[in-house]
Structure formats: C-alpha cells, structure tokens
Amino acid sequence: MSSIIQQNLDRIESVIPAPNSLSASKKRWHSAFVSIYCSRALLSLVKDSPPAKKKAKISPSPSFVILDLQEEISFKVDQATLTNIVTEKKPESLQNIGGVDGVASALQTNVECRIHGDVDDIARRNETFGSNTYKRPPTRSFFHFVWEEFRDLTILFNLGCTLFVVPFDIKKYGTRRVWYYVGSLLVASFLVVAIRAIIKFKQSIQFDKLFEVNNNIQIDVVRAGRRQQISIFEIVVGDVICLKIGDQVPADGLFLDRHSLQVDESSMTEESDHVEVNCNHPFLFSGTKVVDGYARMLVTSVGVNTTWGKMMSSISRDTNEQTPLQAQLNKLTSSIGKAGLAAAFLVLIVLLVRFFTRNLDDENGNKEFNGSKTKFNDMVYAILKIVATTANIVEVAIPEGTLTLNQMKVTKFWLGKIPFAQVAYSSISPNIIELVQEGVALNTTSSIYQPTSRSEIEYSGSPTGKAILSWAVQVLNMKMEKLTQSCKILHVEIFNSQKKRSGVLMKRMVDKTIHVHWKGAAEMILKMCPSYYDASGSIQNLDDGEKMNFEQIIRGMAASSLRIGGYQGPICPGVKKAVQDCQDAGVKIKMITGDNVFIAKAIATECGILKLGEDISEAVVEGEEFRNYTSEERMEKVDNICVMARSSPFDKLLMVKCLKQKGHVVAVTGDQGRLHLLFRVFR
C-alpha cells in the first residue's frame, strides 16, 4: 500500500507546479487539470488497496468532477464601494478604507509605477469593473430612410396624381398603354426615393463616424512607470490620469497629487463657481472640465458606473436631431417643393379658366384644347409635366488639424541680449546653466521616461514642454531625476490663458537656498524683471532703456514665428492652399491664438490669412482690446478682424457670439478640450 501511495505522489508532484510564463486563463486550466488528476489518483488508491475482510459497500463514484473555474477576484474593494465614495463626497468614508492610498492599494495600483497595463491586467480590470463606454442607440437602417422619403409631400403628390389619372387613361387608351405610362412614373418615383434614401443613409454613416472620432479623445495615463497617450475608451479602473487645463475629466476618480487644480462642475451641478480639488477634497467627476492647474487622478469608476455615465444611460442620443447645415438644406428643399406645387396649382387654375371660358386658341390661332374632346386628365398631364422633384447635394469640407504641426523645436537660445550657438554653451557660467536646468526640470508639466540607461528617452506632455525638455537633456546634459530629488517644491503658480506665465518656488536641499523660476510670454516676464544675468553670471540692471532693447529682440524673434527661447512650430503641409481654397469659396478665415501679436502676424502671413502689403490696422487685435470694446464697436469691427492675439477662451466665445448675431454661419476648429464653451453656443 505504501509503495502505491509513494508512486502516485510522485505523479502528482510532477504536474502540480505551474510555469510562471503561463497567462492567468491558462493557469486556471492548469489548476483544473491538477484537480481532476489528483482526484483520479486518490480514487485509484482505493481501487488498488487490498480487499478488507468485511466487504464494505462503496457508493459508485460519478464519472465527472465539477470544478469552479471562475477567477478569484483579487481586488480588495468592489465597484459599489468605489462609486459611493466619490458620489457621496464624504472624506470620512474615504478615510475608513485608508484614504486615497488605501483605495490605490485595494486596486493594486502602485504609487510610483501605477498599474502594470499588460493585456491580462487590462482584461481583468475590464471584466471586474467594466469598460469606459456607454450604450448607444442602434444605427438607423436603410429601409428607415426609404420609408421617410416615401412620406415626402412631393412624392406623395406625384403618386397620388398618377393613381388619380389611371381610370381616365384606361377608358381612353386601354389598359396596356396606360400601364406602360403609369409604370414609368412609378419607377421614376421609386428611383428618386432610392437615390435620396441612399444619400441620407451614407450621410448617417458619415455622421456616426464623425461622432466616434469627436468622442475618441486621447488621454495621458501612467502605466508601468511610463506616461503615454491612450483613447478615452481604453481607460480602466486603477489607471492614473494626468490632467491639465482644458481637459475633460474622463472618469470618476480621486485626486492624487500636483497643484492648484480647479474644475468646472456646471455640467453636473449647474453651478458656475469653480471647485478646487485637493487632498482635502479629492473627488473628481466624469464630464467636468479642468479650468486651472494640473494634477494626477486615480480612476475609481468608468463607463456606466460613473455619475455622468448613469445620466447618459438614462437618455439616448437624439438621432433625429439635425445639424444647422441639414436643417437649412431641408428648408431649401421644402421651399422648392412648395414653390413647384404653387406653380402647378396656378397653371391648373389658368387652364381651367381658359377651358370653361372657351378661350382655347394659342398665339397662332390653333386650338389648344380639342373642344368637347378635351378631358380633365389632359390638364392633369400638363400639370404633371411642370411638377418635378429636385435634389440638392451640398458638401462642406473642413481641414483637419490646426495651422501648425504642434511639433516644437528649440532653434535659438538667448542669454541676456546675446544669442548663443550650441558650440558656445561651454562659455556660459556653470551657475547659469544650473539655474536654467532647474527652471526647465521643475517648472513644467511634461515628463521624461527612460526605463534603462541605454534606452531611448521618451518625452511626454505639451509640444512646448517636450521641446524644452529635449533641448535641456540633449544640449545642456540635464539629469531631470537627479534635479527633482535635490530640490523641494514649495509653491507652484500654474500657467493659464489670463496670466500667460507659470512659476515655481523651490528650495535646494544642499544649501537650503530658495529660488523662483518663471516661464511664459516673453513680454510679460520682461515686465516682472528688475535685472538680468549675463553669460558670466553677473547681474545687470534692467532699466527702461534696456527693456526697450529686449522688446526689440522679442519682436525680431516673433517676426520669425519664434517664441521666447527660440522654439518654433512649423506650419502644417497644405494649410496655405486650404486657406486659399476657403477664401476663393467666399469663406472668411479668422485666426484666434494665445501668442503675442508679432508671432500671430507672422503665422497668419505665412498661412495666407494676412496678405503682404495690405493694410492690417483693423485686421489684427489683442483679446483684451476686443474684450474692452463696447457692444456696438464689436459688432462694427468683428467682420474686419482676421487675427486675434493674446486671447482667452472667453474672447473666442465673444467673437463667435458676435459673428452669429450678425447672421454668419460659424465653424470652429482647434483643440477639442478647449472648445467646450464654444460648443454650447452652437446648441
């Protein structure tokens, strides 16, 4: 007996270990196999054992084994708890499970590296907490549009007239000839219905695709220590999302860290006041907008489990809602149809009057009607020749993307009043280089990812931030991780469209000295400075005369489309031709930007929005100037404005409102996240 047991134990030990390379699903099947194998091995022990003196009755064993292969939920918190934490907005409820760190631990989100983000991990989170999608109403079928077209007044009128004259034609011409004629009219009507239904069906498909593209927003997340962009639909519970000004919060979650975050919750609460989100009030809701600051958030609910998702699930998108273009085209088509019917009715009255008054001669003295042989259906045929169905197809093309490629590169570096080439950087004082490196590394929302020292460096964040980081790392040999560890951030001033600058107050851990680093619009930073450094590290006084010299340098850089520091964004290929095509078609192009006037003029001229040699005294304004106009002045000057510089989102909104009040049809393109206020105007 002992030898039998030892033999079977050896077999069991050979199949128990599961290779680490197996996926989670294959490991569950391995566990099932081991369970079945062990049960049969133990059963064989009973069969192979020596017979007892007294025969015992053993109930027959079933020929199968029931196993539960459902994966054990390894998360220590369920969806209902996560939902209640955010929706109730009670900090004490959050503290009961260990605060934000406790929720992150329960969701297996590492504070530093975040979630693993591999295929199995994402699938497991989607299965447990759901995906970040909402249920949409089904797409309308082709037959739906066919039925809609059959209900058109003009089609019904044509079919009615055709059926009305059938009895008269049968009596006069016989059945065979009439059916040829009636059949041709019916086929023509069906062709019109089919063509119009096909056109509308294709338009519906195109609008559905546009809806998908418009909602497929790219979000910055951190997975396995790497910052990357993913679709909003790929976000899972446990993800860490990087938020900045203008972003839409893509899911419900909790504030992790960073500075001065304020959100607009008017879409949820109808309250216009901005809500400050911090460690004491860490609750973030899907569908709200970031209006100031930047932060990282921990996702706790996605899709239909969010507050916004529940709202969206209770209503369906109005598939019968028409765009302004569709409404105007349908109105035009309806007007043409009504005009045709009115003309036909007028002709009918004229023919009836002439028939009953016996005024039947035409201009040559011939009889238009053959006396008593003239039938009512003859007049109907004359009317049907006049009535026709017209279809107008209008296609509007809007260039995709903005004017520039959104790819910045540092091309010039100025220190004081002197531009430096890369080969001359060695002549700059090391103290100045260190200050520049600190300002770049600490006063930014962008980041660097390099898994190993031999790996290629990846830069993430805004185009401007990536350009400056790349320049500092590759040219100034900046070690970002070392700098951030050697300094402590005391306070952060966030960049926004009003201030046009950002700043950071930091303390060096070595000598405990405190420094302030500012970055932003050149002319605004210049106003704040009482002095400046030269290449040797000496501090020079900045009086009014010196400030004028710096202003000339800034204008010279702006005339070449260069921002402060000398980084440039090239123009997208084909933009100039697209602008010219729009202008040739009678479409007026207006450029609204946050850059200063000189950069705005240079870019607008390069794109063809402004023409060389033309008077642009009224064509270029700043946002503040436009904002300070009276209502009458804005309405008078808005048509002549081609470029608005140093503008805020509210300045853009103000211009769109003025143009719409003047009866213009306005289309706006640009960053999706920053067009939220403008979209409300078009509702």
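The values are calculated or read from the model by the stated rules, or taken from the named source; none is laboratory data. The structure presented is a predicted model; accordingly, all values stated were derived computationally and were not measured. When we count neighbours, we look across all protein chains shown, and the Cβ atoms used for this are built from the backbone with ideal geometry, even at glycine.
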Filter segment 478-525 down to the residues that are assigned to a loop (DSSP other than H, G, I, E, B) and either of a type in the set (S, T, Y) or within 24 Å of I553 (Cβ to Cβ) (or both) and list them by number.
F495, S497, K499, K500, T513, A521
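Quick grid of which residues meet (1) without any contact (Cβ under 8 Å) to a residue 40 or more places away in the chain; (2) closer than 30 Å to R140 by Cα:
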{"residue": "K171", "(1), (2)": "yes, no"}
{"residue": "I195", "(1), (2)": "no, yes"}
{"residue": "I198", "(1), (2)": "no, yes"}
{"residue": "N214", "(1), (2)": "no, yes"}
{"residue": "Q218", "(1), (2)": "yes, yes"}
Residues (hydrophobic (A, V, I, L, M, F, W, C) and part of a helix (DSSP H, G or I)) located in segment 627-664
M635, F650, L653, L654, M655, V656, C658, L659
Flagged pairs (Cβ under 7 angstrom, 6 or more apart or on separate chains; first in segment 474-493, touching a residue at least 24 places away in the same chain (Cβ under 8 Å); second in a loop (DSSP other than H, G, I, E, B) and loosely packed, with under 14 Cβ neighbours inside 10 Å) are S486/M509; S486/V510; C487/M509
So in segment 256-310, with the set limited to residues that are in a helix (DSSP H, G or I) and more than 20 Å from the chain's Cα centre (by Cα), which one is farthest from I217 (Cα to Cα)?
T269
Within segment 189-240, the count of residues that are over 23 Å from Q79 (Cα atoms), out of contact with any Cys (no Cβ under 6 Å at 6 or more places or on another chain) and acidic (D, E) comes to 2
Test T175 against the criterion of being free of Cβ contacts under 8 Å to residues at least 24 places away in the same chain and either over 24 Å from A344 (Cβ atoms) or surrounded by 15 or more Cβ atoms within 10 Å (Cβ to Cβ) (or both), and give yes or no.
yes
Residue in segment 177-191 that is within 20 Å of H144 (Cβ to Cβ), charged (D, E, K, R) and not assigned by TED's automatic domain parsing to the domain that holds S446 present:
no
I need the full set of residues from segment 603-612 which are free of Cβ contacts under 8 Å to residues at least 60 places away in the same chain and either surrounded by fewer than 19 Cβ atoms within 10 Å (Cβ to Cβ) or part of a helix (DSSP H, G or I) (or both), in order please.
A604, T605, E606, G608, K611, L612
Out of the residues in segment 571-602 that are buried (at least 20 other Cβ atoms within 10 Å of the Cβ) and of a type in the set (D, E, K, R), which is farthest from K500 (Cα to Cα)?
K601
Has segment 376-384 got at least one residue that is in contact with a helix residue (DSSP H, G or I) (Cβ under 9 Å, 6 or more places away or on another chain), part of a helix (DSSP H, G or I), modelled with pLDDT under 55 and among the hydroxyl-bearing types (S, T, Y)?
yes
Residue under evaluation T128, criteria (1) assigned by TED's automatic domain parsing to the domain that holds W308; (2) assigned to a helix (DSSP H, G or I); (3) more than 28 Å from the chain's Cα centre (by Cα), criterion not met
(3)
Answer yes if at least one residue in segment 437-449 is over 22 Å from M506 (Cα atoms), under 36 Å from the mean Cα position of the chain (by Cα) and surrounded by fewer than 20 Cβ atoms within 10 Å (Cβ to Cβ), and no otherwise.
yes
Could you list, in sequence order, the residues of segment 179-228 that are over 36 Å from the mean Cα position of the chain (by Cα), loosely packed, with under 14 Cβ neighbours inside 10 Å and not small (G, A, S)?
Y180, V187, L191
Somewhere in segment 141-154, is a residue within 30 Å of E234 (Cβ to Cβ) and of a type outside the set (K, R)?
yes
Let me spell it out: the conditions are (1) closer than 30 Å to A251 by Cβ; (2) hydrophobic (A, V, I, L, M, F, W, C); (3) part of a helix (DSSP H, G or I), and I219 meets all of them except one. Which number is the exception?
(3)
For segment 112-125, does any single residue satisfy the condition of being in contact (Cβ under 8 Å) with a residue 24 or more places away in the chain, of a type in the set (V, I, T) and surrounded by fewer than 18 Cβ atoms within 10 Å (Cβ to Cβ)?
no
